[in-house]
Amino acid sequence: MDRSIIDKTISLLTLDLYDREDENILELNTYNSLPIMDTPINLNYWNRIQDISLVALYKATANGFVIEWEAKQITATGKLNFLPIEQIVQNWKDRLYFERDMEYNDLIAHYHPIDMPSETISCGMLITPNFVSESIYLHHAPEPETFDLDLDLEGYVHMAKEACIFSNWQMVLLNITNLQHPITKQFRETIPTLFPDFNWDAFVEKYESLKLSNQ
Amino acid sequence: MILSADLLIPKEGGYEVSKQLVKNKKVDNPVDNNLSKYEVGGNTAKENVSLLNDSAEKIAKNTDIFLRDLVHIQSVAKQVSSLNRYEQITEGVLNSDNFDALQKRQLPLAISKLQKARNVKLN
């Protein structure tokens, strides 16, 4: 079976990071579990999500995996933490959001994180009984908002690779035109010191080309 | 354990004892010897595995290598006659027509990780 673009992109990301490790720039760790080999969760959810590209990826590779790095000379980290499917579809009320958040943003009741690189930042999909969002949303706990990144999962993984999974890269996308935002500023200043091939203009251009609204 | 506690109040840039709240109170702090009462984490110990003799699933469970990669690595390893070095598997991967350029970068890396893993042996 041909490997999906998402699958190949994650492999390329990992190989790039291994190259940086070989150059003694960073320390890399990866963790993964077995792939999905049968129906691992209740059928109700399974019927809704089995066609999404994430499930194909998890069947081909692993039911959840972690890629994380830590710079050796400066304070900088990066992490991709794709959760196991059973965790993704669990009820996140009282874990990621609370009753009061639903009064402010009713979408959050349907928010299911896929990538959880830190305790506060996660990115995921909106999954309801009749609908699975194409776009990936960002949630920054404890805020109740869910921000549309305007990327599908394939676009998200492409941008993760472009950003070398540098911490808070998803927040950079939301503030990509605000160069004075502390997170954007830190990202722009730090990432080229670790990844000399990184180019901000190419990063912005790539994001524009992958945005669902520009398709 | 014997516990004493004072209430401190600010005074002249520092603090002074206002009153004693608890004095020499004995507090029982028994050690529970029942292991099931403690959170000991979800990670299980890694088993020793053999690349040639254990299933790819078992090796995947006990390493950080994708199952798919292990299936490829095992199939190459089983075709090597007199296998005694990991480098022979790497050579087999690089010389095979069954893998694309990405796999020829990725699989040798996985083989290298297996070689470094303390709980994995070749045979």
Picking from B:96, B:55, B:75, B:82, the residue that is in the same structural domain as residue B:113 (by TED's automatic domain parsing), under 25 Å from the mean Cα position of the chain (by Cα) and over 18 Å from residue B:116 (Cα atoms) would be B:55
Within segment B:59-72, residues in contact with a Leu (Cβ under 8 Å, 6 or more places away or on another chain) and under 18 Å from residue A:14 (Cα atoms) come out as B:60, B:63, B:65, B:67, B:69
For segment A:118-145, the count of residues that are surrounded by 22 or more Cβ atoms within 10 Å (Cβ to Cβ) and over 10 Å from the mean Cα position of the chain (by Cα) equals 2
Considering only helices (runs of 4 or more DSSP H) wholly within segment A:1-110, the ones with at least 1 residues that are farther than 25 Å from residue B:59 by Cα, out of contact with any Cys (no Cβ under 8 Å at 6 or more places or on another chain) and polar (S, T, N, Q) are A:43-49, A:53-60
Those residues of segment B:44-70 that are in contact (Cβ under 8 Å) with a residue 60 or more places away in the chain and not in a loop (DSSP other than H, G, I, E, B) come to a total of 3
- request: Determine whether residue B:59 is surrounded by 21 or more Cβ atoms within 10 Å (Cβ to Cβ) and more than 14 Å from chain A (Cβ to nearest Cβ).
  value: no
Residue B:87: passes all of (1) without any contact (Cβ under 8 Å) to a residue 60 or more places away in the chain; (2) touching a helix residue (DSSP H, G or I) at 6+ places or on another chain (Cβ under 9 Å); (3) farther than 19 Å from residue A:14 by Cα; (4) within 14 Å of chain A (Cβ to nearest Cβ) but (4)
**Item:** residue A:209 being modelled with pLDDT of 95 or more, touching a Gly at 6+ places or on another chain (Cβ under 7 Å) and either hydroxyl-bearing (Ser, Thr, Tyr) or surrounded by fewer than 15 Cβ atoms within 10 Å (Cβ to Cβ) (or both)
**Value:** no
Here the qualifying pairs (Cβ atoms under 8 Å; residues six or more apart or on different chains; first in segment A:58-75 and more than 14 Å from every other protein chain (Cβ to nearest Cβ) and at positive phi; second surrounded by 21 or more Cβ atoms within 10 Å (Cβ to Cβ) and at pLDDT below 95) come out as none
Residue A:177 fails exactly one of (1) within 18 Å of residue A:199 (Cβ to Cβ); (2) crowded, with 16+ Cβ neighbours inside 10 Å, namely (2)
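For every residue, the table says whether it meets (1) assigned to a loop (DSSP other than H, G, I, E, B); (2) not hydrophobic (A, V, I, L, M, F, W, C).
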site	(1), (2)
A:127	no, no
A:154	no, yes
A:159	no, no
A:187	no, no
A:191	no, no
A:196	yes, yes
A:204	no, no
Pairing a residue in segment A:180-199 that is farther than 12 Å from residue A:162 by Cβ with any residue that is of a type in the set (Gly, Ala, Ser), where Cβ atoms lie under 8 Å and the two sit 6 or more apart in sequence or on different chains, gives A:190/A:76; A:194/A:71; A:194/A:76
Taking segment A:21-55 and keeping residues of a type outside the set (Asp, Glu) and within 13 Å of chain B (Cβ to nearest Cβ) leaves A:28, A:29, A:30, A:31, A:32, A:33, A:34, A:35, A:36, A:37
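The values are calculated or read from the model by the stated rules, or taken from the named source; none is laboratory data. These numbers come from a predicted model, not from an experiment. Cβ coordinates were reconstructed from backbone atoms using ideal geometry, including for glycine residues, and neighbour counts include every protein chain displayed.
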